[in-house]
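Participant: Dropping the structure in here first, questions after.
The values are calculated or read from the model by the stated rules, or taken from the named source; none is laboratory data. In this text, all values refer to a predicted model and were calculated from it rather than measured experimentally. Backbone-built Cβ (ideal geometry, glycine too); neighbour counts: all protein chains shown.
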Amino acid sequence: MLAEAGYADPAITYFLEKKYMGHIEDADQVSEKVGSCGDIMKVYLKINGDNTIQDVKYEITGCAGAISAAMAAVELVKGKSVDTALELTDGDVFKALQNIPEKKHHCIQLAVKTMHQGLNEYKEDARAQA
Ligand code: FES
């Protein structure tokens, strides 16, 4: 069904496996964003002392496109520094998914914007505490 709707195999796998869905108990940052469609994403970030990303999880009330985009986004930032992760673009995520339906492209934006918001809020908090 997803393939018929225009989802490529990697996107379908990300959606079915949902590897990074859920929450992180001792997260260093939790941020939430509401998309233009009204769906909600919450990102949990666990950051190492050297400012690299140890773990990320998402809670999502949203569509298959949103879930697959968020899962791909996590894979693209894990192990990277916070600043490098902030360079993540919608295009990077789209490439990892290979394809999702045109009308689902805003769901990629929501996943990336939520990630950026979490990283930026983490940086602001770290700055405030320094
Ligand atoms: Fe709302 Fe995809 S996130 S339609």
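Participant: Going residue by residue through segment 58-70, is there one that turns out to be in contact with a Phe, Trp or Tyr (Cβ under 8 Å, 6 or more places away or on another chain) and among the β-branched types (Val, Ile, Thr)?
Facilitator: Yes, that holds for at least one residue.
Participant: How many residues are in contact (Cβ under 8 Å) with a residue 40 or more places away in the chain, more than 10 Å from the ligand (Cβ to nearest atom) and more than 13 Å from LEU119 (Cα to Cα) if we restrict to segment 43-67?
Facilitator: 1
Participant: Something else about it: When the residues of segment 96-127 are narrowed to those that are among the charged types (D, E, K, R) and away from the ligand (no atom under 15 Å from the Cβ), which ends up nearest to the chain's Cα centre (by Cα)?
Facilitator: GLU121
Participant: Follow-up. If only one of TYR44, TYR58 is at pLDDT 95 or above and under 24 Å from ALA8 (Cβ atoms), which one is it?
Facilitator: TYR58 is the lone residue from the list that is at pLDDT 95 or above and under 24 Å from ALA8 (Cβ atoms).
Participant: Has segment 71-78 got at least one residue that is buried (at least 23 other Cβ atoms within 10 Å of the Cβ), of a type outside the set (Ser, Thr, Tyr), within 14 Å of the ligand (Cβ to nearest atom) and within 17 Å of LYS33 (Cα to Cα)?
Facilitator: Yes.
Participant: Let me ask something additional. Of the residues in segment 11-29, how many are within 19 Å of ALA72 (Cα to Cα) and either crowded, with 16+ Cβ neighbours inside 10 Å or not hydrophobic (A, V, I, L, M, F, W, C) (or both)?
Facilitator: Residues meeting the conditions: 12.
Participant: How many residues are surrounded by fewer than 17 Cβ atoms within 10 Å (Cβ to Cβ) and within 19 Å of LEU119 (Cα to Cα) when one looks only at segment 86-103?
Facilitator: 5
Participant: Additional query: Take the conditions within 14 Å of the ligand (Cβ to nearest atom) and under 15 Å from GLN117 (Cβ atoms) and apply them to ILE40. Does it pass?
Facilitator: Yes.
Participant: Now for a separate question. Do you know which residues across segment 12-30 are within 16 Å of the ligand (Cβ to nearest atom) and either part of a strand (DSSP E or B) or without any contact (Cβ under 8 Å) to a residue 24 or more places away in the chain (or both)?
Facilitator: MET21
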